[in-house]
1. Any residue in region 46-63 that is open to solvent by less than 70 Å² (accessible area, probe 1.4 Å) sitting within a Cβ distance under 9 Å of a residue that is at pLDDT below 90 and among the aliphatic types (A, V, I, L, M)? List the pairs, counting only those 6 or more apart or interchain.
2. Can you name every residue in region 214-226 that is without any contact (Cβ under 8 Å) to a residue 24 or more places away in the chain and either open to solvent by 60 Å² or more (accessible area, probe 1.4 Å) or not small (Gly, Ala, Ser) (or both)?
3. Could you pull out the residue among Val130, Val140 that is under 23 Å from Pro48 (Cβ atoms) and either open to solvent by 60 Å² or more (accessible area, probe 1.4 Å) or of a type in the set (Asp, Glu) (or both)?
4. Does Phe129 meet the test of being in contact with a Pro (Cβ under 8 Å, 6 or more places away or on another chain) and at pLDDT 85 or above?
5. Tell me which residues, restricted to region 195-212, are over 18 Å from the mean Cα position of the chain (by Cα) and surrounded by fewer than 19 Cβ atoms within 10 Å (Cβ to Cβ).
6. Given Leu252, Leu229, which one is more than 25 Å from Ala77 (Cβ to Cβ), of a type in the set (A, V, I, L, M) and under 17 Å from the mean Cα position of the chain (by Cα)?
7. What about Leu206, is it in a loop (DSSP other than H, G, I, E, B) and either in contact (Cβ under 8 Å) with a residue 24 or more places away in the chain or in contact with a His (Cβ under 7 Å, 6 or more places away or on another chain) (or both)?
8. State whether one or more residues within region 167-179 are within 30 Å of Val103 (Cα to Cα), surrounded by 22 or more Cβ atoms within 10 Å (Cβ to Cβ), among the polar types (S, T, N, Q) and at pLDDT below 95.
Amino acid sequence: MNNSNTIDVSSNAHLSNHSAAHRMTAKKIAKLFYLETKFEWLKSIRNPAFALPATLFPAIFYLFFGVLMNQHNPQAATFLLCTYGTFGVIGPALFSFGAGLAVERGQGWLDIKDASPMPASAQVVSRLFVSMGFSIIVLVTLSLVAFGLAGVSLSLGQVLLLSGILIIGGLPFCLLGLTLGLLLKAESAPAVVNVIYLPLSFLSGLWVPLSLLPSYLQSFAQFLPPYHLSQLALKVVGQDAGGSVVQHLLILVIFSILFFASAILAMKKKTA
């Protein structure tokens, strides 16, 4: 009886929520999206446990491998700029959606937002913009080190194209993070995301070139989405390992569809 009442109240809240959202004007909905994005950004940038690793780790790793251990080889430094750029944009995508969403879900914030008139999609869109904002910061810090200390030289067109590919290429990993955020518990989410993020990056050749890894690991990289995003980035500087742009894009689209479908299933499980 009590469960039934709870379900009825929850259903009525959702119906009321949808009715309220339906009555909103486009201007009010746009303002809700703007405010949700603004406060999601402020929350993320003021959280040192998220902001510092997300923005500084790629540049620090690049400083070691692309500058100090590189022995003044601009070609290798350019290669590593592309791979560490890929590594850098995946981090905010996975942690903002995966760990961040799981923690808020565990604290009950998602239930409060679900009961508000705010469209549910605003939570996803705001995190997507925040992830893209952090990706821009990562690429700027990496570029400062690469151009200032490693002797990398690219045209303005190459810089813009490379940045666009990496920022937009973070979308499949946002969808993967969304799935993880809806499935994982708050206590285990950061650790699980790290367990996925770090090996996935290493095995995709984002830390060291794949040619330095055993042959069976080089073949395995073909099945990992970060490898294909890095290959698109490396095409901009003419250092990719082969394969057409269409092939790499198609594989990333397939992974995006799979991650999107898994996020939908996770959402249905959450609301069931």
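1. Phe50/Ala99
2. Start the filter on region 214-226 by keeping residues that are without any contact (Cβ under 8 Å) to a residue 24 or more places away in the chain, which leaves 214-223.
Matches in region 214-226: Pro214, Ser215, Tyr216, Leu217, Gln218, Ser219, Phe220, Gln222, Phe223.
3. Answer to the check: Val140.
4. no
5. Once the filter is applied, which keeps residues that are over 18 Å from the mean Cα position of the chain (by Cα) and surrounded by fewer than 19 Cβ atoms within 10 Å (Cβ to Cβ), region 195-212 yields Val208, Pro209, Ser211, Leu212.
6. After applying the criteria, what remains is Leu252.
7. yes
8. yes
The values are calculated or read from the model by the stated rules, or taken from the named source; none is laboratory data. Quick caveat: nothing in here was measured; it's all calculated off a predicted structure. Cβ sites come from the backbone with ideal geometry, for glycine too, and all protein chains shown count toward neighbours. Areas reflect the complete protein model, heavy atoms only, side chains present, ligands, DNA and RNA absent. Shrake-Rupley method; radii C 1.70, N 1.55, O 1.52, S 1.80 Å.
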